[in-house]
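The values are calculated or read from the model by the stated rules, or taken from the named source; none is laboratory data. Note that this is a predicted model, so its numbers are computed, not measured. Cβ sites come from the backbone with ideal geometry, for glycine too, and all protein chains shown count toward neighbours. Please note that ligands, DNA and RNA were not included when accessible areas were found on the heavy atoms of the full protein model with its side chains. Shrake-Rupley method; radii C 1.70, N 1.55, O 1.52, S 1.80 Å.
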Amino acid sequence: MSDYRLNTKCVQGGYRPGNGEPRQIPIIQSTTFKYDTSEDMGKLFDLEASGYFYTRLQNPTNDHVAAKIAELEGGTAAMLTSSGQAANFYALFNICECGSHIVASSSIYGGTFNLIAVTMKKMGIDVTFVSPDADEAELDAAFKENTRAMFGETIANPALTVLDIELFAKVAHKHGVPLIIDNTFPTPVNCRPIEWGADIVTHSTTKYMDGHGAGVGGAIIDSGNFDWMAHKDRFPGLTTPDDSYHGIVYAEKFGKGGAFITKATSQLMRDFGSIQSPQNAFILNLGLESLHVRMPRHIENGQAVAEFLEAQTDKIESVNYPGLKSNKYHERAEKYFGNGGCGVVSFVLKGGRSAAESFMKKLKLAAIETHVADARTCCLNPATSTHRQMTEEQLEAAGIPAGMVRMSCGLEDKEDLIADLKQALN
Ligand SMILES: *Cc1c(COP(=O)(O)O)cnc(C)c1O
């Protein structure tokens, strides 16, 4: 499908049925696969032949959907995981081990922040967080002898900071490590980080890719660009024999294009088992088939809501949306997306926590949910939900004012969304 445009890949990528085969991707709801001889199966275990033997490692439904996502991001290989959390953990742990160090943007999803700062730290993996606004010298200074990966989010959830992917990639490569980018918010419809130098891309497919609040899932995509063998000593897991797989050297056997995903599948998925169910992969693919049609509408609604809110100066203290000309990241958003990048808008109501609470209670279309990137508009007040344990002072220090509302604009009519906001504000 590489010659086709992105819209066509959304609809038909990843699966080309043969004569008389199902038009839609079949759901192979089977844990296991049958073979005629032990020799046939042995070849699969030795990674000498490709094929399926157990769904914890690979499943045809998942592979079709992963292949579509690889095409959309412009990568050479991809895999699905049970969640976005699993995708980010696998992407990092595939090249990090006890004693390694990660450089990560400080402006990332809270779950990923905890994963890196708390849980991976317990595994002996250290981290230095850098500002998404750091310049080249500041980024350089964060690297150490044992740094193995650089990590950031294209548009951070929920801060909506926009990463300078090109600069981060340049610095990562200068230090001989890959750049891993979580591209959940813009999706490949708005930004393809590999085109700007990212080596590995991850997704919480739970968000826009699924788009209907139906299935939790994740994905990892390899650009095939990072030369593991050129940094042999830094990535022994890819460049030296894997004793748990008869001494296979992934980077030699599967090359730049296949080593990373093959290792993550045959080692991490084998041992941790965070698979996506074939049922969920099927649902995810239904979402992908309309991703290119839905994203422009999410952004149109996000832009309209942000512009409306920005004009309500008597009730609204500030509005954060990269598509607004007043936004700190507007120029970067123009460069990387040519628009606001996603449908999520955050704003601060005058009157703090109580104003936010009573405003949200009055909303009729926008539901209060711990979710974003759904077809249905939803909103959340971090101070009374995700960041509930924090005091007023701690919230201010974390850049999350008590009156802040995060609104994920869905696919409804923008006039209706604005009318809903108007009556709630009044
Ligand atoms: C939601 C989210 C995650 C975590 O994904 P889950 O599917 O909820 O595990 C990771 N990164 C970003 C940017 C997210 O928005």
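Some notes on this structure:
- Charging the Cβ of each Asp and Glu at -1 and of each Lys and Arg at +1, and nothing else, the dipole of the chain about its Cα centre rounds to 700 debye.
- All other residues whose Cβ lies under 10 angstrom from that of HIS246 are scored, Lys and Arg at +1 and Asp and Glu at -1, for a net of -4.
- For the peptides 176-186, 267-277, the ranking by packing is 176-186, 267-277, with the highest mean count of neighbouring Cβ atoms within 10 Å listed first.
- Burial ranking of peptide ranges 381-387, 18-24, 295-301, 113-119 (average Cβ count within 10 Å, highest at the top): 295-301, 381-387, 113-119, 18-24
- Carbon and sulfur %, accessible surface of the stretch 293-425 computed with the full protein complex present, 1.4 Å: 51 percent
- Accessible area of the chain divided out per residue, in Å², using a probe of 1.4 angstrom: 42 Å²
- Taking the Cα atoms of the stretch 359-426, the ratio Rg/Rh between the radius of gyration and the Kirkwood radius comes to 1.02.
- Over all projection directions, the Cα-based convex hull of the stretch 293-425 averages an area of 7.7 nm².
- Helices that extend 24 Å or more along their long axis by alpha-carbon positions and average at least -1.0 on the Kyte-Doolittle scale are, among the DSSP H runs of the chain, 291-311.
- The share of C-alpha pairs in the chain whose separation exceeds 30 Å stands at 43 percent.
- With helices as the sole contributors, the chain gives -10500 deg cm²/dmol at 222 nm; each DSSP H run of n ≥ 4 counts as -39500 (n - 2.57), and the sum is divided by every residue.
- Estimated FRET transfer efficiency when R0 is 25 angstrom, pair ASN426-GLN389 (beta carbons, to 0.05): 0.20
- Full extension of the chain segment joining THR119 with TYR4 gains 37.3 nm, where the gain is 0.36 nm per residue of separation less the Cα-Cα distance.
- Normalising the Debye intensity of the stretch 128-268 to I(0), with uniform scatterers on Cα atoms only, and taking log10 at q = 0.10, 0.22 Å⁻¹ returns -0.37, -1.33.
- R0 of 35 Å, Cβ-Cβ distance VAL293-HIS330: FRET efficiency to nearest 0.05: 0.85
- When the listed pairs LYS121/LYS325; LYS325/LYS414; LYS335/LYS414 are checked against a 28 Å cut-off, the alpha-carbon distance exceeds it for LYS121/LYS325.
- Computed from backbone phi with θ = phi - 60° and the Karplus coefficients 6.51, -1.76 and 1.60, the 3J(HN,Hα) list for the stretch 382-395 is x, 4, 10, 10, 4, 10, 4, 6, 7, 7, 3, 5, 5, 4 Hz; x is used for glycine and proline.
- Based on C-alpha pairs under 8 angstrom that are at least 6 apart in sequence, the stretch 293-425 has a relative contact order of 29 percent.
- Peptides 52-61, 194-203, 254-263, 363-372 ordered by average Cβ neighbours within 10 Å, highest first: 194-203, 254-263, 52-61, 363-372
- For the chain: relative contact order, % (alpha-carbon pairs under 8 angstrom, 6 or more apart): 15 percent
- Residues with amide H under 5 Å from that of ILE275, placed H, sequence gap 5 or more: SER82
- Within the accessible area of the stretch 6-287 (1.4 Å probe), percent carbon and sulfur: 51 percent
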